[in-house]
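Below: one structure, written as structure tokens.
Here, each number is a calculation from the coordinates, and none is a lab measurement. Just so we're clear, the structure is a prediction, and the values are computed from it rather than from any experiment. Glycine also receives a Cβ, built like all others from the backbone with ideal geometry; neighbour counts cover every protein chain displayed.
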Amino acid sequence: MKNSPALLGDLAVQFMILSLVAFGGANAVVPELHRLSVTLRHWMTDAEFANLFAIAQAAPGPNVMIATLVGWKAAGLPGALVATVAMCAPSCLLTYFAARAWERWRETRWRAAIGAGLAPVTVGLVVASAWLLAHAADRQWRLVAVTAATAIVVYATKLNPLWCLAAAAGLGLAGVLG
Amino acid sequence: MNSDMQSSDFSQTDSPGAAALFLAFLGVGLSGFGGVLPFARRMLVERRAWLSETQFAETLALCQTLPGPNIVNVSVVVGSRFAGALGALAAVTGLMAAPVAIVLVLATLYGRYGAVGRLPEMIAGLGAAACGLVAATAAKMALPIVRKRPVTAAPFIVAAFVGVGLMRLPLVWVLAALAPLSIAAAWGRKG
């Protein structure tokens, strides 16, 4: 079943669609990724999704790594590569061709309206991402406290978020969160 | 004519080839945790001076309007400006190669040892902190927009959250319903 052409084909199609609706970047499609991989395809549980998201955030690189890990969980290394390429290729091609046209249109009123109109929708999607991830990850009150503390520190200070991740991992290793 | 002038402006300092683009974005991919945009800005504007501050801001605005991971789009625009399709491919590959390799090593370790000792608790802690990070990002994005356009923007933030977060509707439906209305609201406000 794993690595079957049908599974890889399904991954390719689903992630190519996601690529073209990922307004606001990878964080905005986290709810849709969750819906696809947990609710529709049963590639993983809610908690496993939260764990993979944690690994993606703890690794260096763009936020889009969560797509790589969903592909990996669904179909191993081939799945990871198919998901990564499918998640990037359509939007990259669109960007490649749009970049030149954009120069000509950047002073126009409709270009500004599209940018200003998409912004609140993508913000709502990122809020939904945080909500769904908290739902999956915060299984008891100590973890809720970690989420809240991280949100406040990252929002209110210029501290590198990596320190929050390291502190939370350290608390877990010390057995404080168990 | 105008667009030709833009292109020459873009490459007035020096024109990196595909190899230089690959290496530069390789560094960006390796340096960023929890999002790499600040590192891309530092590399492109401050360290290599491939783009001016304004050019970077305009490139970012374009990439945020288009679908897809923003930083990946930035690498495509910069790569293609300096070295065409090959440059775009080199920049994207450079950006993605190392992070994909690293995240797969981590995932393999997680698959093999994720249930050993206190590692489940460590991963649970990481997961809790990771959603705090996303919540902070959401708040940072939301507040300026809500402050500037409480009437024309805030309802769309709430509607997108309710549709996707609470009702768990497919993203495509929510976008198809909300994006045209939200763009129309923004358009009406400008006039």
* Asked: Considering only A:Leu162, A:Val176, A:Leu8, whose Cα is most displaced toward the positive end of the charge dipole of chain A, charges sitting on Cβ of Lys, Arg (+1) and Asp, Glu (-1)?
  -> A:Leu162
* Fully extended contour minus Cα-Cα distance, from B:Leu86 to B:Ile102, at 0.36 nm per residue -> 3.3 nm
* Asked: What helices does chain B hold that run 15 Å or longer along their axis, going by alpha-carbon atoms, with a Kyte-Doolittle average of 1.0 or more, using DSSP H for the helix calls?
  -> B:18-31, B:70-113, B:119-148, B:171-190
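Let me know the charge dipole size of the protein assembly as shown about its Cα centre in debye, to the nearest 20, where only the beta-carbon of Lys, Arg (+1) and Asp, Glu (-1) is charged.
Values: 26 positive and 14 negative charges, 111 e Å.
So the magnitude is around 540 debye.
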* **Partner chain coverage, peptide B:23-30 - average Cβ within 10 angstrom** => 1
* Considering every residue in B:179-189, what mean count of other chain Cβ atoms within 10 Å of its Cβ is obtained? -> 5
* To do: In debye, nearest 20, what is the charge dipole magnitude of chain A about its Cα centre with +1 on Lys and Arg Cβ and -1 on Asp and Glu Cβ, if you could check?
  => 280
* Residues of A:155-165, mean number of Cβ from any other protein chain within 10 Å of their own Cβ, rounded to a whole number? -> 4
* To do: Would you work out which of B:Leu171, A:Ala119, B:Pro155 lies farthest towards the positive end of the dipole of the protein assembly as shown, given +1 charges on the beta-carbon of Lys and Arg and -1 on that of Asp and Glu, about the Cα centre?
  => B:Pro155
* Structure fact -> In order over the stretch A:14-30: 3J(HN,Hα) from phi, Karplus 6.51/-1.76/1.60, θ = phi - 60°, whole Hz, x for each Gly or Pro, gives 4, 6, 5, 5, 4, 3, 7, 10, 7, 5, x, x, 5, 4, 6, 9, 4
* **Label-to-label distance, nm, for residues given as B:Ala49 and A:Gln140 (7 Å Cα→Cβ offset)** => 5.7
* Asked: Full extension from A:Leu93 to A:Ala148: what is 0.36 nm times the residue separation minus their Cα-Cα distance, to one decimal in nm?
  -> 16.0 nm
* **trypsin sites (Lys or Arg not before Pro) lying in DSSP loop within the stretch A:127-178, provided at most 14 other Cβ fall within 10 Å** => A:Lys158
